[in-house]
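Down below is the structure, laid out as structure tokens.
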Amino acid sequence: MDVSAQLEEIINLLKDTSFSNYIAIFSLVVSVIALIANIITNIKNNKQYIESLKPLLSFDFYEMNDILLLAIKNNGKSEAKNIKIKVLNIKNNGKHNQLNLDELFNNEFVLYPTEEVQGIIAYSGNSLDEDFCPIIDVEISFLNGIDGKLTEYIRTIAFRRNIYDRNKLSKIEDSIESISYSNNRLANYMEGRTLFRFDKLNVFPHNSLYKDMKDAFNNIEREEKEDDEN
């Protein structure tokens, strides 16, 4: 719908002062306002959509093997180009408040959506007699993959204790426990006993699978011996 054509029509109607023309003018004014509002809404929605496609960098500052690492991940929907991460300083790292930066922080790099990189920041100053809660100030700059505009900002990143190893140990414990339950169920089924998983007794079996299968084929019924008689 052409806004200029509607405005011209409103001007022509104003020349005629009949009541019907007033109604027509009012309808045209309402339609013009609705059209303008729709255009503004579409512009805002399009802008929000473009913004949602831009790259979004997230940071994870953690410790592994007495080394402090900084991981950078692109959680956006487009690539971040010419990324430059400049670590300005480190605080609250015990006696090791000196930076030992990896080569990653001396060069520009690109991250596509869901890609992640990590680099060494410093040696860990974690000790019992020192305060340990590292904080780093970082200057970030990159080019948006959508519009090519430069994004620059400075932010403070706090240390987060690494829980990856704890999760791995938890998975190993769960696997061992599952195997233990399976072995116990199998032993109870084969032996016809009621042994619990926490039992530590080295109980001798009443029979063997070979003997039980042989008796079953030969239709032989044997009396079960009590445990205290073994």
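The values are calculated or read from the model by the stated rules, or taken from the named source; none is laboratory data. Since the structure is predicted, the reported quantities are computational estimates derived from the model, not experimental observations. With ideal geometry, Cβ positions are generated from the backbone for all residues, glycine too; neighbour counts draw on all protein chains shown. The protein model used for the area step is the full one, side chains on, heavy atoms only, and it has no ligands, DNA or RNA in it. Shrake-Rupley method; radii C 1.70, N 1.55, O 1.52, S 1.80 Å.
Remarks
- Which numbered condition Gln118 fails, given (1) under 25 Å from the mean Cα position of the chain (by Cα); (2) in contact (Cβ under 8 Å) with a residue 60 or more places away in the chain: (2)
- Residues that are aliphatic (A, V, I, L, M) and surrounded by 17 or more Cβ atoms within 10 Å (Cβ to Cβ) were ranked within region 105-140; the one that is farthest from Ser58 (Cα to Cα) is Ala122.
- Members of region 57-95 found to be among the aromatic types (Phe, Trp, Tyr) and either under 24 Å from Asn144 (Cα atoms) or assigned to a loop (DSSP other than H, G, I, E, B) (or both), listed by number: Phe59, Phe61
- Of the residues in region 39-56, none is touching a His at 6+ places or on another chain (Cβ under 9 Å) and either modelled with pLDDT of 95 or more or closer than 24 Å to Asp137 by Cα (or both).
- Some residue of region 138-154 being under 23 Å from Asn93 (Cβ atoms) and of a type in the set (Lys, Arg): no
- Residue within region 146-165 that is under 16 Å from Asn65 (Cβ atoms), modelled with pLDDT of 90 or more and open to solvent by 60 Å² or more (accessible area, probe 1.4 Å) present: no
- Picking from residues in region 33-63 that are polar (S, T, N, Q) and under 27 Å from Val110 (Cβ atoms), the one that is most open to solvent (accessible area, probe 1.4 Å) is Gln48.
- Inter-residue pairs, beta-carbon under 8 Å, first in contact (Cβ under 8 Å) with a residue 40 or more places away in the chain and outside any helix (DSSP H, G or I) and in region 36-56, second open to solvent by less than 80 Å² (accessible area, probe 1.4 Å) and hydrophobic (A, V, I, L, M, F, W, C), 6+ apart: Leu53/Ile146; Lys54/Ile146; Pro55/Ala80; Pro55/Leu111; Pro55/Phe142
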